[in-house]
1. I need the full set of residues from region 314-340 which are open to solvent by 50 Å² or more (accessible area, probe 1.4 Å) and not charged (D, E, K, R), in order please.
2. Out of region 56-75, which residues are under 14 Å from Phe392 (Cα atoms) and of a type in the set (S, T, N, Q)?
3. Hey, which of the strands (runs of 3 or more DSSP E) in region 53-109, taking only ones fully inside, have at least 2 residues that are under 14 Å from Phe137 (Cβ atoms) and open to solvent by 10 Å² or more (accessible area, probe 1.4 Å)?
4. Need at least 3 residues that are in contact (Cβ under 8 Å) with a residue 12 or more places away in the chain and in contact with a Lys or Arg (Cβ under 8 Å, 6 or more places away or on another chain) per element, so show me which strands (runs of 3 or more DSSP E) inside region 288-381 make the cut, counting only ones lying wholly within it.
5. Given the conditions (1) of a type in the set (Val, Ile, Thr); (2) modelled with pLDDT under 95; (3) in contact with a Phe, Trp or Tyr (Cβ under 9 Å, 6 or more places away or on another chain), which single one is not true for Val241?
6. Against the conditions (1) without any contact (Cβ under 8 Å) to a residue 60 or more places away in the chain; (2) in contact with a Lys or Arg (Cβ under 9 Å, 6 or more places away or on another chain); (3) loosely packed, with under 14 Cβ neighbours inside 10 Å, where does Lys154 fall short? Just the number, please.
7. Can you say whether Ile107 is of a type in the set (A, V, I, L, M, F, W, C), at pLDDT 95 or above and more than 30 Å from His236 (Cβ to Cβ), as far as the supplied structure shows?
Amino acid sequence: MPLHRPFKSLLAAGALSLLAAGPALAEPAVELRGTGDLGVVIERATGSVALVDTTHKRVLRHIEGFGDLSHASVKFTRDARHAFVFGRDGGLTRLDLLTGEIDGRIIQGGNSIGGAISQDGRFVAVGNYEPGGVKVFDVETMELVVDVPATYEKPDGTTDQAKVVGVVDVPGNMFVFSLFEAGEIWTLDMSTEEPEVTRYRDVGSMPYDALITANGRYYIAGLFGEDGMALLDLWHPEKGVQRILPDYGRGEERLPVYKMPHLEGWAMAGDQAFFPAVGRNEVLVADTRDWSLTERIEVHGQPIFVMSRPDERQVWVTFAHPNNDRVQVIDTRTLEVIETLSPGESILHKEFTPRGEHIWISARDSGHVVVYDTRTFEELARLPAESPSGIFFTHRAHRIGL
């Protein structure tokens with residue numbers, strides 16, 4: 001698989017010529033500050049993002065020009081200086097968090113919903129619905145490095161392109177992702193001179209999203225076409241993919257599914273894993289030592305994001321339409337719902353501050369973001385935003401899979 005090498009020598013020559021030309025015009029002063037307390041909020045209706053300061057709980061500025069953000073996600077560079085925004089129009093946009101300006105944008109596909117940045121920080125991978133496949137770019141130059149079509153064989157012997165979902169980074173400078181129509185999981189090894197793809201077939205029906213555990217060991221894909229999940233142990237890839245939680249809904253009637261849950265926002269607490277159930281008003285609890293189902297917690301609606309506070313003492317849950325006006329908090333010791341909050345209308349996305357003392361929650365149809373104290377559940381701030389959805393803070397730059 002050929003690599004497209006950036007022309008570093010030409011860039012270096014250009015830099016030398018600028019130096020030789022004499023002093024350049026002074027650039028606007030940038031505030032001297034770190035990026036550790038910064039983040040972005042997706043403003044889906046206007047194709048913009050709000051740059052926020054989590055320490056002072058304020059919006060610094062609104063930045064336009066990101067295209068279609070109806071389903072967008074964000075990854076941060078290794079130094080937490082830049083945010084890469086993945087847009088539904090196939091746009092890959094780089095935002096400088098210190099200047100608050102876009103400093104790179106390309107249309108790399110027809111429809112992308114996410115991606116990942118490699119362990120060494122050199123590569124950004126984009127998963128595409130259209131035309132399918134994964135494209136990998138150089139983080140600094142945004143030049144294409146490798147193109148991996150998601151080609152699979154259909155039962156009739158013909159081939160097609162699959163939608164790619166659940167793209168994550170894992171140790172060893174690898175990416176892992178799932179192919180929706182193909183029912184496959186692939187790994188892409190970027191540590192070698194020629195990137196290497198490994199395919200795991202027949203993992204289950206319609207993997208729709210995936211997660212990676214915080215230590216980078218287990219890649220777990222949710223299966224929309226059947227009950228259960230598919231697990232790849234990256235410490236023992238030779239064992240292939242195994243099914244886990246295969247019978248959690250057998251014999252029961254599902255509710256209509258209005259929105260697919262997002263496994264990237266799952267929760268871990270000790271030896272317990274908390275998952276959103278597809279088509280059920282339940283949060284599932286599994287024992288991570290053998291991945292057996294241990295508990296089913298009844299909740300307000302069909303869960304979408306099930307997220308653990310950094311100290312793993314609480315799990316916060318948001319829900320699909322039509323019950324998406326509430327947020328519930330589960331105590332991980334008692335497995336009981338201990339609080340129900342009403343931040344506004346159309347609640348989906350939330351993000352904890354790095355140590356978990358606060359949580360930011362977006363109320364899309366109410367046009368604001370609400371900040372809560374996670375110990376007292378007191379509302380601390382209410383910030384205006386244009387149809388806010390995803391919230392992403394820079395501490396993600398230093399965590400596997402986020």
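The values are calculated or read from the model by the stated rules, or taken from the named source; none is laboratory data. Bear in mind that the values here come from a model prediction, so they are computed numbers and not experimental data. For neighbour counting, all protein chains shown are included, and Cβ atoms are generated from backbone atoms with ideal geometry for every residue, glycine included. For accessibility, only protein heavy atoms count, side chains too; no ligands or nucleic acids. Shrake-Rupley method; radii C 1.70, N 1.55, O 1.52, S 1.80 Å.
1. Just the residues of region 314-340 that are open to solvent by 50 Å² or more (accessible area, probe 1.4 Å), to begin with: 321-323, 325-326, 333-334, 336-340.
The answer is His321, Pro322, Asn323, Thr334, Val337, Ile338, Thr340.
2. Result: Ser73, single match.
3. Working: elements: 58-64, 73-76, 82-86, 91-96, 101-107.
Hits in region 53-109: 101-107.
4. Details: elements: 292-298, 303-308, 314-319, 327-331, 336-341, 347-352, 358-363, 368-373.
Ranges flagged: 303-308, 314-319, 347-352, 358-363, 368-373.
5. Condition (2) is where Val241 drops out.
6. With respect to (1) without any contact (Cβ under 8 Å) to a residue 60 or more places away in the chain; (2) in contact with a Lys or Arg (Cβ under 9 Å, 6 or more places away or on another chain); (3) loosely packed, with under 14 Cβ neighbours inside 10 Å, Lys154 is out only on (2).
7. Details: of a type in the set (A, V, I, L, M, F, W, C): yes; at pLDDT 95 or above: no; more than 30 Å from His236 (Cβ to Cβ): yes.
Taking the combined requirement at face value, the residue does not satisfy it.
Every residue, every condition in (1) under 23 Å from the mean Cα position of the chain (by Cα); (2) at pLDDT 95 or above; (3) aliphatic (A, V, I, L, M), yes or no:
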| site | (1), (2), (3) |
| --- | --- |
| Gly225 | yes, no, no |
| Gly228 | yes, no, no |
| Leu234 | yes, yes, yes |
| Met268 | yes, no, yes |
| Phe275 | yes, no, no |
| Val278 | yes, no, yes |
| Val299 | no, yes, yes |
| Ser308 | yes, no, no |
